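This report concerns only the one structure given below.
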Amino acid sequence: MSMALTMSLAASSLMAQTPAAAVQVKPTSEEDAKRLSDEGQKAANGKQWAKAREAFAEAYRLAPQPSRALALARVELMLGKFRDAAEHFGVGLREAKDLSAAQRREAEASLAKCVAKVGALVIKVEPAGAEVFIDGASVGTAPLPGPVYVEPGSHRVEAKLDGKQPVSERVGIVAGASLDVEMTLRDAEGASSIVVKDRGKPVVTPPVVPARNKKLIYAGIGVGAGLAAIGLGTGIAAGVIGKQSHDEWDANDCTSARRDCREAFDEKDKLRSQVGSTAVWLSIGAVIVGGATVVYALTGKKQEPKVTGAFVVLPEGGGALMMTGRL
């Protein structure tokens, strides 16, 4: 009894002497997420986009918040990862309650840039509670909170729910397109169905400057340079003719009283004037052709925006149906 009491007292004494600093408290997920967010912001300020994305992604995984989703999306946009950026911009815009009007406009504009590069699937499933899969990966449980963004191309869309017949279909989509995917799951004796249709919102490609005719540009450069060279040569010739007329006048000791000298001088002066005028007009032509070529090369006629819609459905049995339109 006395030995037990002694051991108990010794243990109590040892615990009392243990410094408080020795008791380590494991950081919470929110603390880690805040630290990672700060690291991500620092990396983004230094334009270290890959490092910033890694930090923001881990921060968002540990403690998902709309502000972290938006920070991650902005970095992904800078890296050209448009699908991931669209997903995180969508989350941030849906869930953020404290965005200013300017911040919301900026995020919406960035989302629009991303959406133009990817496809959007608006998936609706009956009944609610079914799990939705894209290419075998779960994207959530119906009803989904927003569109599912996918890379342009072919994707398998599936929905599963216990006690219901699963449904699966391969769907093709082009960049900028938005499709409604409506799936209905039925009991074992019924046949589940899936319907894919265009959302009715055409994809507007921004105005583009068509490719210039390089042969025409080269021809313009050649003609302009040729006219300039000929004009320069003709101008030099005019100067030479003028000098010759004066040299001959001096060499023949001509005076204004000598008719033969005056006629010879006037003839050469007339030729000099004609050649000089030709040089001026050639130079003007060179400037006009060269200027027009430069304007065409830099601007050209802009093409009107093309308004198109397109989607592809690839049935299980093979074959394909693609519908496109231009307004």
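The values are calculated or read from the model by the stated rules, or taken from the named source; none is laboratory data. Computed from a prediction, not measured in an experiment: that's the story for all the values here. Positions of Cβ are generated from backbone atoms using ideal geometry, with glycine treated the same way; all protein chains shown enter the neighbour counts.
If T255 passes every condition in (1) at pLDDT below 80; (2) surrounded by fewer than 18 Cβ atoms within 10 Å (Cβ to Cβ); (3) outside the structural domain of V287 (by TED's automatic domain parsing) but one, which one does it miss?
(3)
Taking region 101-136 only, how many residues are hydrophobic (A, V, I, L, M, F, W, C) and either under 16 Å from the mean Cα position of the chain (by Cα) or loosely packed, with under 13 Cβ neighbours inside 10 Å (or both)?
Count: 11.
Can you tell me which residue is surrounded by the most Cβ atoms within 10 Å (Cβ to Cβ) among those in region 149-177 that are out of contact with any Gly (no Cβ under 8 Å at 6 or more places or on another chain) and in a loop (DSSP other than H, G, I, E, B)?
Per the stated criteria, the residue is K164.
If I ask for residues that are among the aliphatic types (A, V, I, L, M), within 14 Å of S192 (Cβ to Cβ) and in a strand (DSSP E or B), which ones from region 124-141 would you list?
V125, V132
Look through A112, A128 and report the one residue that is under 14 Å from D84 (Cα atoms) and either in contact with a helix residue (DSSP H, G or I) (Cβ under 7 Å, 6 or more places away or on another chain) or free of Cβ contacts under 8 Å to residues at least 60 places away in the same chain (or both). Talk me through it step by step, then tell me what you get.
Values: A128 fails: under 14 Å from D84 (Cα atoms).
Answer to the selection: A112.
Against the conditions (1) within 22 Å of the chain's Cα centre (by Cα); (2) farther than 29 Å from R156 by Cα; (3) of a type in the set (D, E, K, R), where does R74 fall short? Just the number, please.
Checking R74 against (1) within 22 Å of the chain's Cα centre (by Cα); (2) farther than 29 Å from R156 by Cα; (3) of a type in the set (D, E, K, R), the one that fails is (2).
Which is charged (D, E, K, R), part of a helix (DSSP H, G or I) and under 30 Å from L298 (Cα atoms), of K215, K270, K243? Full working, then the answer.
Numbers: K270 fails: under 30 Å from L298 (Cα atoms); K243 fails: under 30 Å from L298 (Cα atoms).
Testing whether each residue is charged (D, E, K, R), part of a helix (DSSP H, G or I) and under 30 Å from L298 (Cα atoms) leaves just K215.
Picking from R105, R83, which residue would you name as being at negative phi, of a type in the set (K, R), in a helix (DSSP H, G or I) and in contact with a Phe, Trp or Tyr (Cβ under 9 Å, 6 or more places away or on another chain)?
Being at negative phi, of a type in the set (K, R), in a helix (DSSP H, G or I) and in contact with a Phe, Trp or Tyr (Cβ under 9 Å, 6 or more places away or on another chain) holds for just one of R105, R83, which is R83.
Could you tell me how many of the residues in region 112-139 are closer than 22 Å to E76 by Cα and among the small types (G, A, S)?
Selection size over region 112-139: 6.
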